[in-house]
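Every read-out reported here was derived from the displayed coordinates using simple, explicitly stated rules and does not represent laboratory data. Predicted model only: the values in this text are computed from it and were never measured. A quick note on method: Cβ atoms are made from the backbone with ideal geometry, for glycine too, and the neighbour counts reach across all protein chains shown.
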Amino acid sequence: MDLRFGSISRDPRAIVASVLGVSLVAAALGGALGFGLQTLGGYETVTVLAIPFTVSPLSFAAYAGVSVGTFLVTLALVFVAVEHLEDEQF
């Protein structure tokens, strides 16, 4: 059964480019959030899961980019594993 939706690409280069693009957008939004919290909110540190972070555009951009990228790569690996298990003949 073919479950591809229209023009969704299975090209690995397109998938890697999409993950990098979404991670860069998340990093830009994280940087904007860090800038806003630092300048408009006056925050110096915030705590996420008992880990204190210095509020700066760079730290929020790195946190957002790495966390979104890690999630997307993990999700892609799960999809590859499930597809591999579905293709096996029992």
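Springs join every pair of Cα atoms under 10 Å in this Gaussian network model of the chain, and among 79, 35, 71 the largest mean-square fluctuation is at 79. Around the Cα centre of the chain, unit charges on the Cβ atoms of Lys, Arg, Asp and Glu (plus for the first two, minus for the last two) sum to a dipole of about 360 debye. Rounded to the nearest 10 degrees, the angle from helix 57-87 to the longest Cα principal axis of the chain is 10 degrees.
Along the axis of the charge dipole computed for the chain (Cβ charges of +1 for Lys and Arg, -1 for Asp and Glu, origin at the Cα centre), the listed residues 16, 42, 52 are led at the positive end by 42. Relative contact order (percent) for segment 12-87, with alpha-carbon contacts under 8 angstrom and 6 or more residues of separation? Reported relative contact order: 36 percent.
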